Amino acid sequence: MHRWLLVLLIPLVLGACGLLEPEGEIVCTDESWPSVVVAIRDQEGRPAALGATLVIRDGEFVDSAGPADAWSELHLGAGNRRAGTYEVRVSKPGYRDAMLSRVQVPGGPCGALRSVGVQVTLELLPDAPPVRSVVVLPRSMGFGLPDLSLQLQAYVDAAAGLDTRVTWSSSDTTVAVVSPTGVVTSKCRTVTGSSVITATSVADPARQGFGYVAVYPPTTPCQ
């Protein structure tokens, strides 16, 4: 009898101490996902997110992302799984802003129940320049040793048939140098230094893209 009494009492004691969850209680986890995912296309239906900026608004709440370093879509955590009714605006140089209103992100006890995906189409402005933008990827990089190299890519958004080549330069060659083909190489540093890597459009030198390099001194002094 004493054994059965213990079997009955132990769950009651644990529950009173908060060691057992009441049946049906909702436990929120740290799992998160973007509230809004926006697929961005041009008028021919091709992915066009690269270089675009996304802003979402719900009343006084505003969140933004970009310029994008992905081809097809931009997404926002929007306050980390934040539910709401959003206005979505996508901007990109040379294109008319695309806007969606009343994008519903359903909510639950733990925030947004799921990501909501939408798509926008960007239309060229009538007076868009032949070369709209230059995007350098990756946008930022860091090196902890000298003589390390990384291939950069420059993507030029330009009218069909235009030259999409770029020339490369480094703002501080004591930090990093860049080759004519976009290979950036770190230099020997005794203190941390930074350099801006610039890709300049051959067709329109006024259009440039930028990458940012940090080089840190190694633990063993370099020569």
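The values are calculated or read from the model by the stated rules, or taken from the named source; none is laboratory data. Note that this is a predicted model, so its numbers are computed, not measured. Cβ sites come from the backbone with ideal geometry, for glycine too, and all protein chains shown count toward neighbours.
Test each condition in (1) assigned to a strand (DSSP E or B); (2) touching a residue at least 60 places away in the same chain (Cβ under 8 Å) for V156 and report the one that comes out false.
Every listed condition holds for V156 apart from (2).
Taking the residues in the stretch 177-223 that are among the hydroxyl-bearing types (S, T, Y) and not in a loop (DSSP other than H, G, I, E, B) as candidates, determine which candidate is nearest to R132 (Cα to Cα).
Of all residues in the stretch 177-223, those among the hydroxyl-bearing types (S, T, Y) come to 179, 181, 185-186, 190, 192, 194-195, 198, 200-201, 212, 216, 219-220.
Checking the rest, the ones that are also not in a loop (DSSP other than H, G, I, E, B) come to 185-186, 194-195, 198, 200-201, 212.
Numbers: T185: 28, S186: 30, S194: 27, S195: 25, T198: 16, T200: 12, S201: 10, Y212: 21 Å.
Selected residue: S201.
Before we move on, is G193 under 23 Å from D42 (Cα atoms) and outside the structural domain of A98 (by TED's automatic domain parsing)?
So G193 does not fit the description; no.
Determine whether G79 is at pLDDT below 90 and surrounded by 20 or more Cβ atoms within 10 Å (Cβ to Cβ).
Spelling it out, it is not the case that G79 is at pLDDT below 90 and surrounded by 20 or more Cβ atoms within 10 Å (Cβ to Cβ).
Can you tell me which of (1) surrounded by fewer than 16 Cβ atoms within 10 Å (Cβ to Cβ); (2) at pLDDT below 95; (3) among the acidic types (D, E) is the one D157 doesn't meet?
Failed condition: (1).
Say we look at the stretch 44-76 and pick out the residues that are of a type in the set (A, V, I, L, M) and at pLDDT below 85; which of these is surrounded by the fewest Cβ atoms within 10 Å (Cβ to Cβ)?
Checking each candidate, the answer is A70.
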